[in-house]
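Peer 1: Before anything else, here's the structure in question.
Bear in mind these aren't lab numbers, they're just calculated from the coordinates by the rules spelled out. Not measured: the values here are computed from a predicted model. Here the Cβ positions follow ideal geometry from the backbone for every residue, glycine too, while neighbour counts run over all protein chains shown.
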């Protein structure tokens, strides 16, 4: 409001000054005589000022007309002139308007309108680094994949837009499921932008799916150098990839390379159970039983696991039951309070037919955590101690109906896997499998099938796997009767 008032005051002052000046000129009484070609004109001071202003305007207009005529002549000769620049500016203005309308239409979910505006902008601007990308995205959103592909290929021709073109084609191939071509495009995109986080993740996933573990380890190293991964996470994932590399080499029957890769994986992550088991088998194949024992004991101290026990058994395959029981004390004494150690020791004692010691070793695992394996061992102990057939049958029935216990479970989607693998087969997540008890399970355990012969007293059919609960004795009562 203050500025408006100021403008009004300035206007009034200027008009007053002009009026005052005109009055002073008219009061001078002097006249101006102009003689042109025999004609004589006498004009007053005010008329002279007005004539001067009109003359100035006429000269300015004449110069502009002459400039326009000259520009028109040069334009007709094909030169870059003010006229062509005028038309260019007008076309550029329309082009940028079409470009902005296309972007807004694309963001508003109107791909057809966005594609039309993008094509107009492309025709008016002639700047493919701006318009071609909008054409590609609008065509892709509208379902015109051929036009989108053509647009992305145009972007490949310019160094400034090549990465965008490669990335667009990569996303198209991923959507189509063409992972072989997608892998090549991801490698090219990674070559252009090695620090691009999304490209690193896509390339790592594609390399893992293709079994290119060496390339995946290189990509993982690039993620570490780019600061996209903490060092401890990098070491763990690098160990997982090294383990898969070792498995691949082993499948190709190149035992020396397999041992080296497995040992490297175990060195990178000693708590990785499959790596420890494979490294121990590599040492065993070399005849290095001392290092095999050391690797498995170290891993057992972190997390006791049946796979580690199986690899430990392979160190001395020809030993007697008593020798094995004595040697396995190296593992069971490392974590004596762990349920896995108790179950393992109880199994070994059952095999040695020392059933009272097996019951003491099992402790309260079968009542505190009644899994298929624990109840199967308890049934084997009861059979070995000569308990009644009804007690053994009831324990077998409970074992069949009990949960399996710890398994390889994906931390992301909770899918259960029969064995460890680097990538979850259900959700595709990398290094998310952990050994723990799943929320629910009902499949029978392989350990149960191995112990069933120990439970059978005579060749009679097994009981119904899921008898009514009222017909089952309490577990504490079964244990009391067995004693």
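Peer 1: For the stretch 150-204, divide the Cα radius of gyration by the Kirkwood radius and give the resulting Rg/Rh value with two decimals. Please list the in-between numbers first.
Peer 2: Details: Rg = 10.4 Å, Rh = 11.0 Å.
My calculation puts Rg/Rh at 0.95.
Peer 1: At 20 °C and 1.002 mPa s, what whole-number value in µm²/s does Stokes-Einstein give for the translational diffusion of the stretch 149-242, with Rh from the Kirkwood sum over Cα pairs?
Peer 2: Numbers: Rh = 13.7 Å.
D, rounded to a whole number, is 157 µm²/s.
Peer 1: Reported to two decimal places, what Rg/Rh ratio describes the stretch 230-335 when computed on Cα atoms with Rh from the Kirkwood expression?
Peer 2: 0.99
Peer 1: Output the peptides 54-60, 388-394, 421-427 sorted from most to least packed, where packing is the average of other Cβ atoms within 10 Å over each peptide's residues.
Peer 2: Result, highest mean first: 388-394, 421-427, 54-60.
Peer 1: Can you give the Kirkwood hydrodynamic radius of the stretch 261-410 from its Cα pairs, in Å with one decimal?
Peer 2: Every distinct Cα pair counted, the radius reaches 16.2 Å.
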